[in-house]
Amino acid sequence: MRKESLLDSFVNSIPDPVVIADTSHKVIYLNKAAREHFENGDNLPGRSLMECHNEDSRRKMDEVLAILKKGDEVEVQITDKPGQRTFMRAVKNSRGDLLGYYERYMYWPKRID
């Protein structure tokens, strides 16, 4: 199995949405869950991820990207809603240069106490 095919299969096996973007927020890749999560998800590669978010989210994403660019953090939680958390995590090359980030959404069912 080719490495690219294996990586694609791995990311698509993740049940939560995962979006990979470069340092200008341009979408490079979406897993299957992300393509289904975002309206027009199949049309997002090559476009700005900012188009999918409201003003407050865009501000947070810019703040977190600035933190990632400074190298202070590797992963930052950007939302914490009932049943959902969203994280931005740095994607770096082997030299430690920031190539972009991925946005990862975690969902879980409601608890019944």
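The values are calculated or read from the model by the stated rules, or taken from the named source; none is laboratory data. Because the structure is a prediction, the values reported are computed rather than measured. Cβ sites come from the backbone with ideal geometry, for glycine too, and all protein chains shown count toward neighbours.
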key: Enumeration of residues in segment 1-33 that are in a helix (DSSP H, G or I) and in contact with an Asp or Glu (Cβ under 8 Å, 6 or more places away or on another chain)   = ALA33
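Which of the residues belonging to segment 42-56 are in a helix (DSSP H, G or I), closer than 15 Å to TYR102 by Cα and either free of Cβ contacts under 8 Å to residues at least 40 places away in the same chain or of a type in the set (S, T, N, Q) (or both)? Steps first, please.
Taking segment 42-56 first, the residues in a helix (DSSP H, G or I) are 42-43, 49-52, 55-56.
Adding the requirement that they be closer than 15 Å to TYR102 by Cα leaves 49-50, 52.
MET50, CYS52 - these are the residues of segment 42-56 that are in a helix (DSSP H, G or I), closer than 15 Å to TYR102 by Cα and either free of Cβ contacts under 8 Å to residues at least 40 places away in the same chain or of a type in the set (S, T, N, Q) (or both).
Those residues that are closer than 16 Å to VAL18 by Cα and either among the hydrophobic types (A, V, I, L, M, F, W, C) or out of contact with any Phe, Trp or Tyr (no Cβ under 7 Å at 6 or more places or on another chain) (or both), I need them from segment 75-98; list them, please. Step through it out loud before you land on a result.
First, pick out the residues of segment 75-98 that are closer than 16 Å to VAL18 by Cα: 75-79, 84-91.
Selection gives VAL76, ILE78, THR79, ARG85, PHE87, MET88, ALA90, VAL91.
Does ASP97 fit the bill of being more than 15 Å from the chain's Cα centre (by Cα) and modelled with pLDDT under 90? Steps first, answer last, please.
On the way: more than 15 Å from the chain's Cα centre (by Cα): yes; modelled with pLDDT under 90: no.
Spelling it out, it is not the case that ASP97 is more than 15 Å from the chain's Cα centre (by Cα) and modelled with pLDDT under 90.
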ask   = Which residues, counting only those in segment 70-94, are more than 19 Å from ARG59 (Cβ to Cβ) and over 11 Å from the mean Cα position of the chain (by Cα)?
value = GLY71, VAL74, PRO82, GLY83, LYS92, ASN93, SER94
task = Filter segment 61-113 for residues that are surrounded by 12 or more Cβ atoms within 10 Å (Cβ to Cβ), part of a loop (DSSP other than H, G, I, E, B) and among the acidic types (Asp, Glu) and give the result.
result = GLU73
